[in-house]
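One structure is given below, encoded as structure tokens.
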Amino acid sequence: MRRKNSNVLRLKDVFTKDKKIKEVYSKLKLVLSRHKKNSPFVIAVSGGPDSMALTALSHVLMKEKNYKIFFVLVDHGIRRNSHKEALQVKKLLKINNIDLKILRNKKKIVSNIQKNARDIRYGLLIKYCKKNKAQSLLTAHHQDDQIETFLIRLSRGSGVEGLSSMSETTKLKHGVNLIRPFLEFKKIQLNYISNKVFGKTFKDPSNKNKNFLRTNIRDLKKILQNKGLNFERIIRSIKNISSSKEAINFYVARSIKKFVKFRKKETILNLKQFRKEPKEIRFRIINNIVKKRTNSYYPPRSEKVLNLINNFQANNLKKCTLGGCIFERKRSFLYVSKEL
């Protein structure tokens, strides 16, 4: 026990004296203090340098503030050696007196690998949160991830919702909040922390797979940076778009209250009033309905939503599906239910 405590005290001393780490440590301390009523916390671990930095900092805070924190890794089972890699992460953390829970995915992922793997990961993590009465799930998404997300969504023609990228806190299902405390920090800062604590980390080989859009965007980002693109300005744009999103959400909520009814098995939308709304508000209302009906974190692709709206606006459709929902027009109302 003394050895465990001395290790924590040593790390705390490093975290508070090293200026490169202190800023990140202080931010995490502030974020956890805001959500301490929602303790216990679940930390999503991958073995990569970002999540290992989050793990190390959270472990010290757990001891300092007496928080209850679970460290959880999802083994997708996509690669042959994935479970072996998960056990290596567990072993490394055990050496540092951190207990890791491994959740194994038993579903085979054959198509749309990155999206399905992400959905399965969040599904298992949310289930774990629910089982352990945890309302806060923390991930190590950082500023570099934020820029990549912006560029990906820009390439897909996303609107304000998509281009605002990731927010620090997002509501998931079962009352779980997804918290991203490191969005203002660069990847290199988190790498520094994980190397300082663990000496080594584990990198996902899929990050170099050219079949994935994010990998290509990452390569494009390097080219743009070499050409002199200032990423600080992109971050400023994301913040400005996020402010616009807040204003739009206010009007969306007001419109939904006015002419959308949420029932147990269906949602009813007044098409006559819906048609009077600006395009962006109509778009957001449909997204809102789909996310609520399906308990989905990610909304449908923007072009699919716009096609649906245009077709119902022109009375070209009576019935269709979108994002796991059935949309059916009956006279001047649109009925939305979850696909079985």
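Residues checked against (1) surrounded by fewer than 17 Cβ atoms within 10 Å (Cβ to Cβ); (2) modelled with pLDDT under 95; (3) polar (S, T, N, Q):
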site: K84; (1), (2), (3): yes, yes, no
site: N105; (1), (2), (3): no, yes, yes
site: R118; (1), (2), (3): yes, yes, no
site: K127; (1), (2), (3): yes, no, no
site: S136; (1), (2), (3): no, no, yes
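Can you tell me which residue is surrounded by the fewest Cβ atoms within 10 Å (Cβ to Cβ) among those in segment 304-340 that are of a type in the set (K, R) and outside any strand (DSSP E or B)?
It comes out as R331.
Please specify each residue of segment 197-230 satisfying the condition of being more than 19 Å from L151 (Cβ to Cβ), assigned to a helix (DSSP H, G or I) and in contact with a helix residue (DSSP H, G or I) (Cβ under 7 Å, 6 or more places away or on another chain). Lay out the reasoning, then the answer.
So in segment 197-230, the residues more than 19 Å from L151 (Cβ to Cβ) come out as 197-205.
Imposing the further condition that a residue be assigned to a helix (DSSP H, G or I) reduces the set to 197-198, 205.
V197, F198, listed by residue number.
Can K261 be described as assigned by TED's automatic domain parsing to the domain that holds K319 and either of a type in the set (V, I, T) or over 22 Å from the mean Cα position of the chain (by Cα) (or both)?
On the way: assigned by TED's automatic domain parsing to the domain that holds K319: yes; either of a type in the set (V, I, T) or over 22 Å from the mean Cα position of the chain (by Cα) (or both): yes.
Answer is yes for this residue.
Considering only segment 204-234, state which residues are over 15 Å from Q114 (Cα atoms), among the basic types (K, R) and more than 21 Å from the chain's Cα centre (by Cα).
Residues satisfying the conditions are K222, K227, R233.
Could you tell me whether any residue of segment 51-63 is free of Cβ contacts under 8 Å to residues at least 60 places away in the same chain and assigned to a loop (DSSP other than H, G, I, E, B)? Break it down stepwise before answering.
Initial filter on segment 51-63 (free of Cβ contacts under 8 Å to residues at least 60 places away in the same chain): 55, 59-63.
Retained after the next criterion (residues that are assigned to a loop (DSSP other than H, G, I, E, B)): none.
Checked against the condition, which is being free of Cβ contacts under 8 Å to residues at least 60 places away in the same chain and assigned to a loop (DSSP other than H, G, I, E, B), segment 51-63 yields no hits at all.
What are the pairs with Cβ atoms under 6 angstrom where one residue, in segment 32-50, is closer than 19 Å to H142 by Cβ and the other, located anywhere, is part of a loop (DSSP other than H, G, I, E, B) and among the hydrophobic types (A, V, I, L, M, F, W, C)? Sequence gap at least six, or different chains.
Filtered contacts from segment 32-50: V42/A134; G47/F202; D50/A140.
Pairs only if they're at least six apart or on different chains, beta carbon under 6 angstrom, first in segment 103-121 and more than 19 Å from V45 (Cα to Cα), second aliphatic (A, V, I, L, M) and modelled with pLDDT under 85; list them, first residue then second.
Pairs that qualify, where the first residue is more than 19 Å from V45 (Cα to Cα) and the partner is aliphatic (A, V, I, L, M) and modelled with pLDDT under 85, are I109/I78.
Given the conditions (1) within 25 Å of the chain's Cα centre (by Cα); (2) over 21 Å from T201 (Cα atoms), which single one is not true for I21?
With (1) within 25 Å of the chain's Cα centre (by Cα); (2) over 21 Å from T201 (Cα atoms) applied to I21, the lone miss is (2).
Could you check segment 1-50 and list, in sequence order, the residues that are of a type in the set (D, E) and either at pLDDT below 95 or not in a helix (DSSP H, G or I) (or both)? Give the steps one after another, and end with the answer.
So in segment 1-50, the residues of a type in the set (D, E) come out as 13, 18, 23, 50.
Answer for segment 1-50, where residues must be of a type in the set (D, E) and either at pLDDT below 95 or not in a helix (DSSP H, G or I) (or both): D13, D18.
Which of the residues spanning segment 94-134 are within 16 Å of the chain's Cα centre (by Cα) and either of a type in the set (D, E) or not assigned by TED's automatic domain parsing to the domain that holds M62 (or both)?
D119
Here are I241, I268, I281: which of them is of a type in the set (A, V, I, L, M), touching a residue at least 24 places away in the same chain (Cβ under 8 Å) and part of a strand (DSSP E or B)?
Numbers: I241 fails: part of a strand (DSSP E or B); I281 fails: part of a strand (DSSP E or B).
The conditions single out I268.
When only residues in segment 250-295 that are at pLDDT 95 or above and among the polar types (S, T, N, Q) count, which is surrounded by the fewest Cβ atoms within 10 Å (Cβ to Cβ)?
Q273
Out of the residues in segment 285-335 meeting the condition of being in contact (Cβ under 8 Å) with a residue 40 or more places away in the chain and among the hydrophobic types (A, V, I, L, M, F, W, C), tell me which one is farthest from K245 (Cα to Cα).
Ranking the qualifying residues of segment 285-335, first place goes to F333.
The values are calculated or read from the model by the stated rules, or taken from the named source; none is laboratory data. Quantities reported herein were computed from a predicted structural model and do not represent experimental measurements. Don't worry about glycine lacking a Cβ; one is built from the backbone with ideal geometry, like all the others, and counts go over all protein chains shown.
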